[in-house]
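Before any comments, here is the structure.
Any read-out appearing in this document is the output of simple, stated calculations on the displayed coordinates, not a laboratory observation. Quick caveat: nothing in here was measured; it's all calculated off a predicted structure. Here the Cβ positions follow ideal geometry from the backbone for every residue, glycine too, while neighbour counts run over all protein chains shown.
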Amino acid sequence: MSAITAISAPPMFRVRQVFERPRIQDIEAEVHTQLARLRLDAKVQPGQTVAITAGSRGIANIHLVMRATVAHFQKLGAKPFIVPAMGSHGGGTAAGQRAIVEGYGITEEFVGCPIRATMETVVVCRTQEGIPVHFDRFAFEADHVVVCGRVKPHTNFVGEIESGLMKMMLIGLGKHEGAKIYHRAIQDYSFPQILQSVAGEVLTRCRIVAGIGIVENGYDETALIEAVAPEHFEAREKQLLLNARKWMPKLPFERVDILLIDEIGKNISGAGMDTNVVGRKFYDHRAAEDEFPKVKRIAIRGLTPETHGNAAGIGMAEFCTTRTIRQVDWHITKINCLTGGHITGAAAPADYETDREVLEMALQAIGLVEPPEAKVLWIRNTLHLAEVECSVAYWEDARQRDDLEILTDPRELQYDAKGDLIPFESGLGAH
């Protein structure tokens, strides 16, 4: 136990955030409607093969999107198959990447077609900058390729196009070798330049027949699905990104002393925790001058099961529990962070055996703020922010906010006999 045990966390109360909530009720019907708009029967002939990408993110309803996409091409008489499209995730192995997509419910039995996983790539050409363009071998050998992915703000760069269909053609279909070379190229060229240069070659040479862009709302629900013709990828993705920024979840307050996070993982964000949410898009341990929120200390309680030990991004936290450290597969974490060029993302925070110790230590590391006045937020992860536990320092502000519904009165944190948090009635900490 800590040598200082008199420090107690402040009482907490729960709020429900009110986000804009566009959502699609019938996912599979919408996929069919969107794909039908592209009149793909004019391009896809019976008997032709169609590679459909499945990424590593935990996208809401992705298994339904995949199944409907497969069914649409089967109705055209084509032979679709799923390609795990991700860089170094799954330990940089075909079996690991197949396991990731199957963990999202994208199994051969459910979607009704084969899954073909490989780490082998074809070097299609070189860009004008001399960058080799890698492309998944199975996808390259297919007659057509459908690029499917969520459009959202990227975790470490800003542009008109960030994370979505264009990036999937680079990092996802480029596999481990492509991801490595593109992230190395960032040392010499801007990511927007690499993105446009490589994606332009892929669109010209790799038989992309369609894209399916997905945008989620702040409640981790499918807000929009749009089928996009390849010649419109760039223009449409810019607009979809504006929607994603508008609808994405956020913390309820902009200044935070301690952010307690139940879980991080690759299914939550490419950075384990979304840097757009925690305010660390440019620096690991502080917000940029014009960046919000401003979070002094981050403490992590565990990893998601779906991340399979990949703790990429853990290095952005100052504190974590020792059980979190025990959950980490450091080999695959380091592979992912080195490939992505975020080496410090694999650094280990200061770890303590229990939740109580973690909070005690964090409360000593927030400057002159006394523990009873500390601004503490407790969240499940950076994807699920509809309900948040807030310390009493936020009470008066919360009462004045129209976009917050106060669900409970303040109450003290409770610990079990081991010193770990007992979840409140609504479930934070239950994982």
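Observations on the structure shown:
- Orientation-averaged projected area, Cα convex hull of segment 27-247 (nm²): 10.8
- Once backbone amide H atoms are built at 1.01 Å from N, residue 212 has 147, 148, 149, 228 as its partners under 5 Å, excluding neighbours fewer than 5 places away on the same chain.
- All lysines inside 19 Å of residue 79 as judged from Cα atoms, apart from same-chain residues fewer than 8 positions distant: 43
- For segment 194-233 versus segment 129-167, the spacing of their alpha-carbon centroids is 8 Å.
- Rg followed by Dmax, in Å, when segment 88-159 is reduced to its Cα trace: 14.9, 43
- This model, with +1 at the C-beta of Lys and Arg and -1 at the C-beta of Asp and Glu, gives segment 27-247 a dipole about its Cα centre of some 160 debye.
- Percent of beta bridges antiparallel (DSSP, segment 54-198, rounded to nearest 5): 75
- Base-10 log of normalised Debye intensity for segment 210-349 (one unit scatterer per alpha-carbon) at q = 0.14, 0.16, 0.17 Å⁻¹: -0.73, -0.91, -0.99
- Listed values for segment 264-272 are Karplus-derived 3J(HN,Hα) couplings in whole Hz (6.51 cos²θ - 1.76 cosθ + 1.60, θ = phi - 60°), namely 10, x, 5, 6, 8, 7, x, 9, x, and x replaces Gly and Pro.
- Kirkwood hydrodynamic radius (C-alpha pairs) into Stokes-Einstein, the chain, 20 °C and 1.002 mPa s, D in µm²/s: 96
- Long-range Cα-Cα pairs in segment 231-294 (distance over 21 Å), rounded percent: 34
- Considering only the chain, percent of DSSP beta bridges that pair antiparallel, nearest 5: 45
- Segment 1-145, Cα convex hull volume normalised per residue, Å³: 248
- For a straight C-alpha distance cut-off of 25 angstrom, the lysines reachable from residue 266 (same-chain residues fewer than eight places away being disregarded) are 152, 167, 175, 180, 238, 246, 250, 281, 294, 296, 334.
- Considering only 76, 174, 265, the residue lying farthest towards the positive end of the dipole of the chain is 76, judged by Cα position with unit charges set on Cβ.
- Under Karplus coefficients 6.51, -1.76 and 1.60, residue-wise ³J(HN,Hα) of segment 102-111 in Hz, glycine/proline x: 5, x, 8, x, 8, 9, 4, 5, 6, 7
- Using a Förster distance of 41 Å, the FRET efficiency for residue 370-residue 129 (Cβ separation, nearest 0.05): 0.15
- Of 393, 244, 347, the residue with the greatest mean-square motion in the GNM of the chain, using alpha carbon springs below 10 Å, is 393.
- Loop-located trypsin sites (Lys or Arg not before Pro) in segment 318-426 (DSSP state other than H, G, I, E, B) with a sparse environment of at most 15 neighbouring Cβ atoms within 10 Å: 401, 418.
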